[in-house]
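Participant: Here you go, one structure.
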Amino acid sequence: MIEVSTEIMIHASIERCFDYARDIDLHTQTVWKHTQERAVAGVTTGRIGAGESVTFQATHFGVRQKLKSRIIQFERPFLFVDQMEKGAFKSMRHEHHFSAIGDQKTCMRDTLRFEAPLGLLGWAAERLVLKRYMLTFLESRNRKLKSILEQHPE
């Protein structure tokens with residue numbers, strides 16, 4: 001299993017950061033355009049909440065795929081966790097942590113743990129390609145989310 005973590009400081013309240021991070025419409029706006037990611041089942045627009053699921057369809061490495069995940073832990077405005085129920089990975093868990101730094105500054109930290117299928121081949125892919133790919137994906141998305149939050153203050 002591979003773990004990647006990111007951390008970013010955002011000049012916005014913890015509540016706004018938490019709510020924007022779980023907004024399906026913003027998610028699809030902040031991921032890489034070439035993946036053509038969109039929500040196709042479950043919660044497909046607005047904010048996802050405790051116990052709810054979403055299925056995203058996207059193209060990664062030239063392959064069109066679907067990933068269904070469910071919010072399995074929800075502690076507004078500090079933490080939500082989504083876990084893959086169906087998709088290309090053997091397993092995937094994404095923790096979204098939020099810490100207030102004063103009134104209008106938030107530390108947003110993501111921890112993503114995943115395991116590829118296909119035994120030894122998957123193990124090699126995790127280390128040679130997927131770890132860097134997933135980290136870059138998260139960092140890019142988080143920078144875009146930060147930009148949206150900071151350009152549109154409360």
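Participant: Quickly run through the stretch 20-32 and pick out the residues that are assigned to a helix (DSSP H, G or I) and either surrounded by 15 or more Cβ atoms within 10 Å (Cβ to Cβ) or not charged (D, E, K, R) (or both).
Facilitator: Listed by number, the residues that qualify are Y20, A21, I24, L26, H27, T28, Q29, T30.
Participant: Return a yes/no flag: does the stretch 5-18 have any residue that is basic (K, R), over 19 Å from Q151 (Cα atoms) and outside any strand (DSSP E or B).
Facilitator: no
Participant: Here are I48, I101: which of them is closer than 26 Å to H152 by Cα, open to solvent by 30 Å² or more (accessible area, probe 1.4 Å) and of a type in the set (A, V, I, L, M, F, W, C)?
Facilitator: Of the residues listed, the single one that is closer than 26 Å to H152 by Cα, open to solvent by 30 Å² or more (accessible area, probe 1.4 Å) and of a type in the set (A, V, I, L, M, F, W, C) is I101.
Rundown of residues vs (1) touching a helix residue (DSSP H, G or I) at 6+ places or on another chain (Cβ under 7 Å); (2) open to solvent by less than 40 Å² (accessible area, probe 1.4 Å); (3) under 26 Å from L149 (Cα atoms); (4) not in a strand (DSSP E or B), yes/no style:
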position: H34; (1), (2), (3), (4): no, no, yes, yes
position: F56; (1), (2), (3), (4): no, yes, yes, no
position: K68; (1), (2), (3), (4): no, no, no, no
position: Q73; (1), (2), (3), (4): no, no, yes, no
position: F80; (1), (2), (3), (4): no, yes, yes, no
position: Q83; (1), (2), (3), (4): no, no, yes, no
position: H94; (1), (2), (3), (4): no, yes, yes, no
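Participant: State which residue pairs qualify: first residue more than 22 Å from R113 (Cα to Cα) and inside the stretch 126-154, second residue open to solvent by 60 Å² or more (accessible area, probe 1.4 Å) and not hydroxyl-bearing (S, T, Y) in any location, beta carbons under 6 Å apart, and separation of 6 or more residues or different chains.
Facilitator: These pairs meet every condition: E150/H11.
Participant: Looking at this structure, is R47 of a type in the set (K, R), farther than 25 Å from L130 by Cα and modelled with pLDDT of 95 or more?
Facilitator: Yes: the conditions hold for R47.
The values are calculated or read from the model by the stated rules, or taken from the named source; none is laboratory data. Since this is a predicted model, take the numbers as computed values, not measurements. As a convention, Cβ positions derive from the backbone with ideal geometry for all residues, glycine included, and neighbour counts pool all protein chains shown. Areas reflect the complete protein model, heavy atoms only, side chains present, ligands, DNA and RNA absent. Shrake-Rupley method; radii C 1.70, N 1.55, O 1.52, S 1.80 Å.
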